[in-house]
Amino acid sequence: SYVMNGDIVIHSELGKGAEFIFTCNLSLLDENSRPAEECGEDSGLINATKQLSDLKVLVAEDNKINQLLIQNILGEIGVESIIAENGQQALEAIKLKQFDVVLMDCQMPVLDGYEATKQIRLLPEFDRLPVIALTADADTESKERALNIGFNDFLTKPIDIELLLETLKKYL
């Protein structure tokens, strides 16, 4: 959906069901128009794919819908990603497998993203591992707290796909 500047909104009520709303912006082509790929032009998505496809990303996120959304976004551009359901699993995962970037939800059960990042920064072999905060808290205080703890970057939810891709490019 990010290619079409789309958005997905989900409303759920226990025992009553869920409502999924999908929106996207489409432009009409006249019959003489051709898509950019046919004209030999590279789209931003194609360029991002070429640059980002080698990244290995750990996604520390407890919300199943956010997990799927992030994995789908990353999968569309060929980025390999692994899910950790909480900060403790994220710590264990980085010790077992090499990652280029960690996308870390700040509010998770067992061990939240703030504490997990503090613990990552205490491990000398991971002191340079890029950890990007994912949070619904968009205020300046939350951003400053995250950066002071040791996060390299800060993204708010809902995830802005273009901003996510631009942020990942910083850590190629």
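The values are calculated or read from the model by the stated rules, or taken from the named source; none is laboratory data. Computed from a prediction, not measured in an experiment: that's the story for all the values here. Methodologically, a virtual Cβ is constructed for each residue, glycine included, from the backbone with ideal geometry; neighbour enumeration extends over all protein chains shown. With ligands, DNA and RNA removed, areas are computed over all heavy atoms of the protein, side chains included. Shrake-Rupley method; radii C 1.70, N 1.55, O 1.52, S 1.80 Å.
Over all other residues within a Cβ to Cβ distance under 11 Å of residue 79, the charged ones net out to -3, with Lys and Arg as +1 and Asp and Glu as -1. Ligands, DNA and RNA left out, the 1.4 Å accessible surface of the stretch 62-172 is 48% carbon and sulfur atoms. Within the stretch 98-164, the proportion of Cα pairs with more than 15 Å between them is 48 percent.
Please quote Rg/Rh for the stretch 40-166 to two decimal places, taking the Kirkwood radius as Rh and restricting both calculations to Cα atoms. Answer for the stretch 40-166: 0.97. Summarising the label geometry, the points placed 7 Å from Cα in the beta-carbon direction at residue 68 and residue 14 lie 2.0 nm from one another.
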